[in-house]
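Have a look at the structure below, then the notes.
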Amino acid sequence: MKRIYLDHSATTPVAPEVLEAMLPYFTEKFGNASSLHSFGLEAKQALEESRKKVAGLLGADPEELIFTSGGTESDNLALKGIAYRNKTKGRHIITTSIEHPAILETCRKLETEGFDVTYLPVNSEGLIEPETLESAIKSETILISVMHANNEIGTIQPLEEIGKIAAEKEIYLHTDAVQSVGKISTDVNALGVDLLSLSSHKLYGPKGIGALYIRKGTRLESIIQGGGHERGLRSGTENIAGIVGLARAAELAGETMDIERDRLTWLRDKLASQVLDKVKDAWINGTMTNRLPGNINFGFRYVEGESLLLFLDSKGIAVSTGSACSSKKLEPSHVLLSLGLLPEECHGSLRITLGRSNTEEDMDYVAQSIVEAVERFRAISALGRGA
Ligand SMILES: *Cc1c(COP(=O)(O)O)cnc(C)c1O
């Protein structure tokens, strides 16, 4: 059976070019970048070349970038690093209710340490209103963290506007751009951010590697102590193979971004309209205008997202859901609830995230399979018969 992967927001396969670039760094080029001999210099050179490439994708200076173990660590370092360093100035942080757990759980932890966190609500499209942000700012606010694009509903936040507000009030602005880097433009100067998190495995690089952009002059405290690697901000022998992989992935993403953005937007819209034309009581969560190219999030009334997911998996199609059953917490997605959806409306959600391997032909088969799945489960549920 042909397998169709439509869960690119969860992770992506390593691109062949990326794997090829990495391989020598597991074997003959295995040096420690801190060593003074030629093995070390070779590793150090790869490290700095990679830094340039990743910085290039962000329009940043290479010295403004440090490598981490991924998106989660970058988010932790940005939030805790700014909070600990600036706690004498103030202890208030502003974020949103639809962030990734790497942000939300870090904020909860900071709350237990005496920081005060405001979780901004979003409107029914998943967007934060700049006025709401402005009215949440206090004299003690030291950091605003707003994700660039949401991992569930693909909503892209008005970061440029938020950046202007943050700059005017002289408050640091961090963005979790794990979902947007490589898919849409993430120029740090255009966005007006001081810190930006990214993760390699969401852009066809290996897992376990990421980076944090830190604008020149932004001071933060390290959360990992050790040998002082990465300007003292992230101790630990550098994962050179991973870093080289991330850099190659960033290069490829930069080269193909424009074409891939248009292609995925077209495929996404085609799939969405094919399904919405045939299925009643169905809708799209989020907004169709400020949305990541490859993201669709369907809502289907009277069906359980997990049933749909498992049925589609049996047909070789891999998707995800924000329904309660599939989450460990037995609660529906906090993102969908934040849009104002009722719990029962979250249960029938299906997230489809497209990527490089997906074709137009796939979309026809996927649309057909989704229609079949929804009809089948509605037929066997009492609710589906209108009871
Ligand atoms: C995947 C993801 C993360 C976590 O990144 P890891 O590299 O898996 O730790 C953080 N934020 C968002 C928005 C993500 O999608």
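The values are calculated or read from the model by the stated rules, or taken from the named source; none is laboratory data. Bear in mind the structure is a predicted one, so any value in this text is a computation, not a measurement. All Cβ positions, even for glycine, are placed from backbone atoms using ideal geometry, and neighbour counts span all protein chains on display. Ligands, DNA and RNA are stripped out before the accessible areas are found, and what is left, the full protein with its side chains, is counted by its heavy atoms. Shrake-Rupley method; radii C 1.70, N 1.55, O 1.52, S 1.80 Å.
Within the range 284-312, residues that are more than 26 Å from residue 261 (Cα to Cα) and touching a residue at least 60 places away in the same chain (Cβ under 8 Å) reach partners that are of a type in the set (A, V, I, L, M) and open to solvent by less than 10 Å² (accessible area, probe 1.4 Å) with beta carbons closer than 6 Å, at six or more positions or on different chains, in the pairs 300/374; 303/374; 308/350; 308/373; 311/373.
Taken over the range 162-171, the criterion of being buried (at least 16 other Cβ atoms within 10 Å of the Cβ) and of a type outside the set (Gly, Ala, Ser) is satisfied by 162, 165, 171. Remark: pairs (first residue in the range 93-105, in a helix (DSSP H, G or I); second residue hydroxyl-bearing (Ser, Thr, Tyr) and more than 8 Å from the ligand (Cβ to nearest atom); Cβ separation under 7 Å; 6+ apart in sequence or on different chains) = 103/95; 103/145. Of the residues examined, residue 73 is not one that is of a type in the set (D, E, K, R), assigned to a loop (DSSP other than H, G, I, E, B), within 13 Å of the ligand (Cβ to nearest atom) and touching a helix residue (DSSP H, G or I) at 6+ places or on another chain (Cβ under 9 Å).
Of 242, 236, all but one fail to be assigned by TED's automatic domain parsing to the domain that holds residue 47, over 23 Å from the mean Cα position of the chain (by Cα), of a type outside the set (A, V, I, L, M, F, W, C) and closer than 30 Å to residue 42 by Cβ; the exception is 236.
Condition check ((1) charged (D, E, K, R); (2) under 17 Å from residue 144 (Cα atoms)) across all residues:
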site	(1), (2)
53	yes, no
57	no, no
63	yes, no
75	yes, yes
79	no, yes
84	no, yes
90	no, yes
103	no, yes
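The number of residues in the range 59-112 being closer than 29 Å to residue 124 by Cβ and among the small types (Gly, Ala, Ser) comes to 4. For the range 273-289, the condition holds for at least one residue, the condition being that it is out of contact with any Pro (no Cβ under 8 Å at 6 or more places or on another chain), open to solvent by less than 70 Å² (accessible area, probe 1.4 Å) and hydroxyl-bearing (Ser, Thr, Tyr). Being in contact with a Cys (Cβ under 9 Å, 6 or more places away or on another chain), open to solvent by 10 Å² or more (accessible area, probe 1.4 Å) and outside the structural domain of residue 334 (by TED's automatic domain parsing) is not true of residue 84. Every listed requirement among (1) within 16 Å of the ligand (Cβ to nearest atom); (2) small (Gly, Ala, Ser); (3) part of a helix (DSSP H, G or I) is met by residue 236 save one, (3). Of the numbered criteria (1) open to solvent by 10 Å² or more (accessible area, probe 1.4 Å); (2) under 27 Å from residue 322 (Cα atoms), the one residue 174 fails is (1). Residue pairs whose Cβ atoms lie under 8 Å apart, sitting 6 or more positions apart in sequence or on different chains, and linking a residue in the range 190-207 that is outside the structural domain of residue 20 (by TED's automatic domain parsing) and touching a residue at least 40 places away in the same chain (Cβ under 8 Å) to a partner that is surrounded by fewer than 24 Cβ atoms within 10 Å (Cβ to Cβ) and part of a loop (DSSP other than H, G, I, E, B), do not occur here.
No other residue among 193, 244 is at pLDDT 95 or above, farther than 30 Å from residue 346 by Cα and more than 16 Å from the ligand (Cβ to nearest atom) apart from 244. Residue 188 fulfils the conditions (1) away from the ligand (no atom under 16 Å from the Cβ); (2) open to solvent by 10 Å² or more (accessible area, probe 1.4 Å) except for a single criterion, (2). Taking the conditions exactly as written (open to solvent by 10 Å² or more (accessible area, probe 1.4 Å) and more than 12 Å from the ligand (Cβ to nearest atom)), does residue 224 satisfy them or not? The answer is yes for residue 224.
From the list 74, 50, the one residue that fits, being modelled with pLDDT of 95 or more, within 22 Å of residue 236 (Cα to Cα) and under 15 Å from the mean Cα position of the chain (by Cα), is 74.
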